[in-house]
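Participant: Just dropping this structure here.
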Amino acid sequence: MKQELSEFEKHVIFQKGTEPPFTGKYYNFFDKGIYICRVCETPLYDSNAKFTSHCGWASFDSEINQNVKRIPDRDGIRTEIVCATCGGHLGHVFLGEGFTPKNIRHCVNSASLQFVPADSQTT
């Protein structure tokens with residue numbers, strides 16, 4: 001499944017770039033399956049955790065296991081989220097917005113993710 005990264009994906013993942021809002025392929029995508037790290041294929045998010053936030057990026061209210069690491073952002077205000085396995089930049093996490101009962105939003109760049117449909121997963 002590993003694929004070559006585009007220059008834009010490299011920019012987002014390794015240089016902590018950000019997609020323009022409302023442009024990511026997973027922003028308004030709600031098929032059943034899991035989202036894995038685009039670099040190392042670590043499972044990051046289940047589609048059941050995805051929700052519509054109208055923020056411009058894919059939004060999730062929980063991660064798979066502890067596969068997403070939170071670190072203080074270099075801006076000193078936000079909390080960055082990265083793949084716990086390879087350290088690839090995913091986006092940011094926000095608390096207290098009230099979008100879901102879990103009261104958390106992982107705001108994730110589609111360029112950092114690869115979707116694996118539920119019907120292709122092996123158990």
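Participant: With the alpha-carbon atoms as the only input, what is the per residue convex hull volume for the range 82-123 in Å³?
Facilitator: 129 Å³
Participant: Go through 102-114, 32-44 and give me the packing order, highest mean Cβ count within 10 Å leading.
Facilitator: 102-114, 32-44
Participant: Using a 1.4 angstrom probe, figure out how much accessible area the range 59-108 has per residue, in square angstrom, rounded to the nearest whole.
Facilitator: That works out to 53 Å² per residue.
Participant: Could you work out the relative contact order of the range 1-71, using alpha carbon pairs under 8 angstrom and six or more residues apart, expressed as a whole percent?
Facilitator: It rounds to 26 percent for the range 1-71.
Participant: So what is the 222 nm mean residue ellipticity for the chain from helices alone, if each DSSP H run of at least 4 adds -39500 (n - 2.57) and you divide by all residues, rounding to the nearest 500 deg cm²/dmol?
Facilitator: My calculation for the chain gives -1500 deg cm²/dmol from helical runs alone.
Participant: Taking a ≥ b ≥ c as the square roots of the eigenvalues of the Cα gyration tensor of the range 4-123, is the shape rounded (a/c under 1.5), prolate (a/b larger than b/c) or oblate?
Facilitator: Verdict is rounded for the range 4-123.
Participant: So, with a 1.4 angstrom probe, what is the percent of accessible area on the chain that is carbon and sulfur?
Facilitator: Ligands and nucleic acids excluded, carbon and sulfur give 51 percent.
The values are calculated or read from the model by the stated rules, or taken from the named source; none is laboratory data. Here the structure is a predicted model, which is why all the values come from computation and not from measurement. FYI the Cβ positions are ideal-geometry reconstructions off the backbone, even for glycines, and counts take in every protein chain you see. Please note that ligands, DNA and RNA were not included when accessible areas were found on the heavy atoms of the full protein model with its side chains. Shrake-Rupley method; radii C 1.70, N 1.55, O 1.52, S 1.80 Å.
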